[in-house]
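The values are calculated or read from the model by the stated rules, or taken from the named source; none is laboratory data. Since this is a predicted model, take the numbers as computed values, not measurements. Cβ coordinates were reconstructed from backbone atoms using ideal geometry, including for glycine residues, and neighbour counts include every protein chain displayed. Calculation scope for accessible area: heavy atoms of the full protein, side chains included, ligands and nucleic acids excluded. Shrake-Rupley method; radii C 1.70, N 1.55, O 1.52, S 1.80 Å.
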Amino acid sequence: MMLSVENLEVKYGNIQALHGISFHVNAGEIVTLIGANGAGKTTSLYAIARLTPPEAPRVIGGDIRFQGRSILTTRPSDVVKQLKMALSPEGRRIFGNLTVMENLKLATFARDKDADLEREYERVFDLFPRLKERRHQRSESLSGGEQQMLAVGRALMTGCRLLLLDEPSMGLAPVLKYELFRKLKRLNEEGMTILLVEQNASLALNLAHRGYVLDTGTIVAEGTSAQLINNPEVKKAYLGG
Amino acid sequence: MLELIIQNAINALQWGSFYALIALGYTLVYGVLTLINFAHGDVFMVGAYIAFFVATFFLVSLGVPGWVVLALCVPLTMILTSLVGVTLERIAYRPLRNKGAHRLYVVITALMCGLILQHANLAIFGASRKAFPPLIQEHVYNVGGVSFTNLKVAVIVTAFLVFLILHWIVTRTRVGMAMRAISYDKFAVPLMGIPLDQIIVITFVLGSGFAGLAGLLFAMSYPVLEPYMGALIGWKAFIAAVVGGIGDIRGAFLGGFLLGAIEILVVAFFPSTLRDLIAFTVLLVILTFKPTGFFGVAKTTKI
């Protein structure tokens with residue numbers, strides 16, 4: 001088990017956002033968390049990335065383990081540097097005042113000196129050729145889809161082994177959505193483990209191996225993607241009948 | 001006439017150098033944290049005092065030759081002053097930041113930190129002024145009716161060097177990129193594996209280190225030190241940074257020299273008592289027409 005979340009309870013101020021949820025991700029898998037707005041998906045990712053209040057929640061119970069070890073005291077920068085988990089956050093949060101290339105370079109801040117960065121830039125550009133064309137542009141001038149590619153590319157440049165993706169399809173035109181998800185599939189086939197948070201449940205379940213359904217801070221269903229797609233409750237609530 | 005213009009230009013450059021050096025510290029911290037570090041002028045004052053104690057210790061107590069003392073003073077003053085800046089960040093600003101306090105409270109804290117530095121100095125070292133010992137022989141050069149000293153030239157050259165170094169750090173290095181990234185979105189920075197506090201500490205080290213250097217050069221140029229010496233010059237440097245476009249290194253540099261030039265010009269043609277009145281009026285007019293300063297861009301606040 002690469003990542004396991006055990007009975008996790010978190011609060012924002014006095015409001016409890018997660019009521020003891022448990023899920024896990026095995027190496028090589030794509031696992032998805034689906035659910036409506038406010039179900040606790042982003043909150044779960046923030047907690048895993050160990051981001052700190054006030055924007056992120058405070059853990060009040062349970063545990064988050066990475067390869068068996070609790071990471072509750074790990075600093076957010078060390079989650080990236082030592083555990084090699086990278087979050088591509090909701091709303092992209094790219095640094096608009098930096099160029100595309102600077103955004104990618106910044107993500108290598110914590111990398112070992114001997115890492116072959118040139119090859120990794122090429123890998124990201126190979127995955128997202130648009131970024132290469134626009135690498136000297138200020139990133140706030142990119143289109144929404146390109147910004148999303150940059151957010152994913154940036155996470156990849158941290159040298160991560162576990163990629164946490166928060167709503168990567170949000171705001172993308174359908175064509176771009178499918179294109180991005182094909183690329184995520186390719187990444188996974190090349191060995192990347194992915195934890196995907198999505199509102200678009202059918203898109204997510206088509207890509208993922210397994211999934212969990214979150215509803216107001218509790219997990220209400222789990223299983224392989226096929227099981228979830230065929231689960232009448234899930235079908236009714238999240239897959240449009 | 002030409003000599004007069006060149007003479008005033010040199011004076012303006014030298015005088016503006018101090019504003020520029022201090023303004024750079026304001027703008028660095030503002031650029032990264034959107035915090036107006038109102039204690040920065042007093043950090044400059046502390047720098048001058050640190051330089052005074054370091055210089056007196058080596059020169060008077062140990063009898064080390066003046067140029068060696070200067071060579072020791074530059075790094076020691078910069079290091080010790082940056083420790084003061086980092087301490088302020090650590091005990092005053094960071095706890096507020098971690099609590100997510102509103103910017104206003106941090107600015108008020110900064111104002112208080114400045115007052116504490118002034119009055120701690122007053123309480124510990126007394127109200128009597130300190131005379132800064134001469135470290136190097138001042139030579140007056142005279143070229144075609146224009147006179148300048150080696151110290152004046154050193155001040156101007158230092159200001160330009162500091163600007164080039166900071167500009168290089170901010171635009172070319174990964175630390176500089178991280179600084180710019182923090183100014184855009186603090187939240188996303190740790191996601192890149194960058195320890196936020198470490199970058200903020202580096203920012204304070206740079207800002208206060210160069211304020212310390214300015215303090216040393218100021219003490220050498222105008223060798224009378226008193227606890228309130230950083231207050232007015234600090235305010236002026238802050239205004240210079242705003243006129244240049246606060247948050248931008250080039251703006252702080254330009255603003256500092258602009259303010260220096262205006263002040264020297266006013267003194268050249270009017271009674272010197274009008275200096276600050278006219279200088280601030282000119283800056284006010286500039287800000288009326290260009291509220292974001294020369295290099296500033298209007299930012300919309302995200303809600």
>> Using helices alone, I'd like the mean residue ellipticity at 222 nm for chain A: each DSSP H run of four-plus residues gives -39500 (n - 2.57), total over residue count, nearest 500.
In response: -10000 deg cm²/dmol
>> I want the local charge near A:G159. Using Cβ-Cβ distances under 10 Å, sum +1 for each Lys or Arg and -1 for each Asp or Glu among the other residues.
In response: +2
> What would the Debye formula give as log10 I(q)/I(0) at q = 0.10, 0.14, 0.15 Å⁻¹ for the alpha-carbon point model of chain A, no solvent?
Replying inline: -0.45, -0.90, -1.04
>> Mean-square fluctuation check for chain A, GNM, Cα pairs under 10 Å: which of A:S88, A:S44, A:S143 is largest?
In response: A:S143
> With the dipole of chain A worked out from charges on the C-beta (+1 for Lys and Arg, -1 for Asp and Glu) around the Cα centre, which of A:N97, A:V10, A:I229 lies farthest toward the positive end?
Replying inline: A:N97
> Reported to two decimal places, what Rg/Rh ratio describes region B:233-276 when computed on Cα atoms with Rh from the Kirkwood expression?
Replying inline: 1.05
> Once Lys and Arg get +1 and Asp and Glu get -1 on their Cβ, which of B:V155, B:G215, B:P195 lies farthest toward the positive end of the dipole of region B:16-227?
Replying inline: B:P195
> After finding the eigenvalues of the alpha carbon gyration tensor for region B:91-143, what semi-axes result from the square roots of 5 times each, listed largest first in whole Å?
Replying inline: 39, 18, 9
> What accessible area, in Å² to the nearest ten, does a 1.4 Å probe give for B:I286?
Replying inline: 40
> Could you give the dipole magnitude of region A:6-71 about its Cα centre, charging the beta-carbon of Lys and Arg +1 and that of Asp and Glu -1, in debye to the nearest 20?
Replying inline: 120
> Local charge sum around B:T171 (other residues, Cβ-Cβ under 13 Å, Lys/Arg +1, Asp/Glu -1)?
Replying inline: +3
> In the protein assembly as shown, if every C-alpha pair distance is counted and binned at 20 Å from zero, what percent goes to each bin?
Replying inline: 20, 43, 26, 10, 1
>> Restricting to Cα atoms and excluding each atom paired with itself, what does the Kirkwood estimate give for region B:14-135 in Å?
In response: 15.8
> Measuring from label point to label point, each 7 Å out along Cα→Cβ, what is the B:S128 to B:H102 span in nm?
Replying inline: 4.7
> Taking N as the number of residues in chain B, what is its Cα Rg relative to 2.2 N^0.38 Å?
Replying inline: 1.00
> Roughly to the nearest percent, how much of the accessible area of region B:16-227 is carbon and sulfur, given a 1.4 Å probe?
Replying inline: 71
>> As I understand it, the dipole of the protein assembly as shown uses +1 on the Cβ of Lys and Arg and -1 on the Cβ of Asp and Glu, about the Cα centre. Which of A:A155, B:M78, B:Q118 lies farthest toward its positive end?
In response: A:A155
> Quick one: what Rg and Dmax do you get for region B:158-303 from the alpha carbons, in Å?
Replying inline: 17.5, 57
>> Per residue, how big is the convex hull of region A:1-137 when only Cα atoms are used? Give it in Å³.
In response: 141
>> Rounded to the nearest angstrom and ordered from largest down, what semi-axes does the equivalent ellipsoid of region B:85-234 get from its C-alpha gyration tensor (root of 5λ)?
In response: 35, 24, 11
>> With +1 on the Cβ of every Lys and Arg and -1 on the Cβ of every Asp and Glu, and nothing else charged, how large is the dipole of the protein assembly as shown about its Cα centre, in debye rounded to the nearest 20?
In response: 340
> On average, how much area does the Cα convex hull of region A:151-241 cover when viewed from any direction, in nm²?
Replying inline: 6.3
> Could you sort B:Y19, B:Y105 by accessible area so the largest value comes first, with the probe set to 1.4 Å?
Replying inline: B:Y105, B:Y19
>> Could you report the accessible area of B:E226 in Å², rounded to 10, computed with a 1.4 Å probe on the protein chains as they sit in the structure?
In response: 50
> In debye to the nearest 20, how big a dipole does region B:16-227 give about its Cα centre with +1 on each Lys and Arg Cβ and -1 on each Asp and Glu Cβ?
Replying inline: 440
> Given springs between every Cα pair under 10 Å in a Gaussian network model of chain B, which of B:G244, B:G126, B:G230 has the largest fluctuation?
Replying inline: B:G126
> Of A:N230, A:N206, A:N188, which has the largest mean-square fluctuation in a 10 Å C-alpha GNM of chain A?
Replying inline: A:N230
> Considering only protein heavy atoms, what is the solvent-accessible area of A:R130 at a probe of 1.4 Å, reported in Å² to the nearest 10?
Replying inline: 100
> What are the semi-axes of the equivalent ellipsoid of region B:2-76, taken as the square roots of 5 times the eigenvalues of the Cα gyration tensor, listed largest first and rounded to whole Å?
Replying inline: 28, 24, 9
